[in-house]
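The values are calculated or read from the model by the stated rules, or taken from the named source; none is laboratory data. Note that the structure is predicted; figures quoted are calculated from it, not measured. Glycine gets a Cβ as well: all are built from the backbone with ideal geometry, and neighbour counts include every protein chain shown. These area figures cover heavy atoms from the full protein model, side chains too; ligands, DNA and RNA do not enter into them. Shrake-Rupley method; radii C 1.70, N 1.55, O 1.52, S 1.80 Å.
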Amino acid sequence: MAGGGIVLGLLTLGYHVMRRVGNGITYLTPSRGFSVELGASLTVLTASQLGLPVSTTLCLVGATVSVGLCNGNLRAISWRNIGIIFMSWMLTLPISGLLAGLIFAFGSNAPNKMI
């Protein structure tokens with residue numbers, strides 16, 4: 001069921017997320033993209049070695065911002081897009097909890113046949 005939710009999310013909004021993280025935060029070239037992927041993968045590997053749970057999406061966004069800041073100019077980053085991404089992260093937990101609670105409530109209060 002969870003895998004189906006991931007596939008449904010990728011089919012419906014996946015392109016928008018990839019576009020926003022790809023070129024919505026800062027201008028990326030192939031070499032900058034390589035640097036972003038390398039920085040994110042090293043962060044994930046280091047955190048895994050330390051036993052820390054991390055999100056690959058969080059690491060990619062952080063690496064993208066870091067590569068953008070290497071321009072030496074704060075205007076190289078679209079802070080509006082960073083704010084939208086941050087707000088979506090903040091809203092994910094309450095919305096997921098609400099949906100899980102609603103699904104559980106429907107399941108536990110569903111009529112059953114007791115003879």
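For Thr57, project a label point 7 Å along Cα to C-beta. Then give me every residue of segment 76-115 with its amide nitrogen under 15 Å of that point.
In segment 76-115, the label zone of Thr57 (backbone N under 15 Å from the point 7 Å along Cα→Cβ) covers 82-97.
Taking the simple approach of a point 7 Å from Cα along Cα-to-Cβ for both Thr92 and Val17, what is their distance in nm?
0.7
Would you mind checking the tilt of helix 79-108 against the longest principal axis of the Cα atoms of the chain, expressed as 0 to 90 degrees and rounded to 10?
10
Of the listed values (i) 12, 32, 31, 14, 7, 3, 1, 0; (ii) 13, 39, 30, 14, 4, 0; (iii) 10, 16, 12, 12, 14, 12, 13, 10, 1, grab the one calculated as P(r) over Cα pairs in 10 Å bins from 0, in percent from the structure here.
(i)
Extension gain Met1-Leu102, at 0.36 nm per residue separation less the Cα-Cα distance, in nm?
34.8 nm
Between Arg75 and Ala47, what FRET efficiency comes out of the Förster formula 1/(1 + (r/R0)^6) with R0 = 41 Å and r the beta carbon distance, rounded to 0.05?
0.85
Run the 1.4 Å probe and let me know the accessible area of Phe86, rounded to the nearest 10 Å².
100
Most fluctuating residue of Gly22, Gly51, Gly83 in a GNM of the chain with Cα springs under 10 Å: which is it?
Answer for the Gaussian network model of the chain: Gly51.
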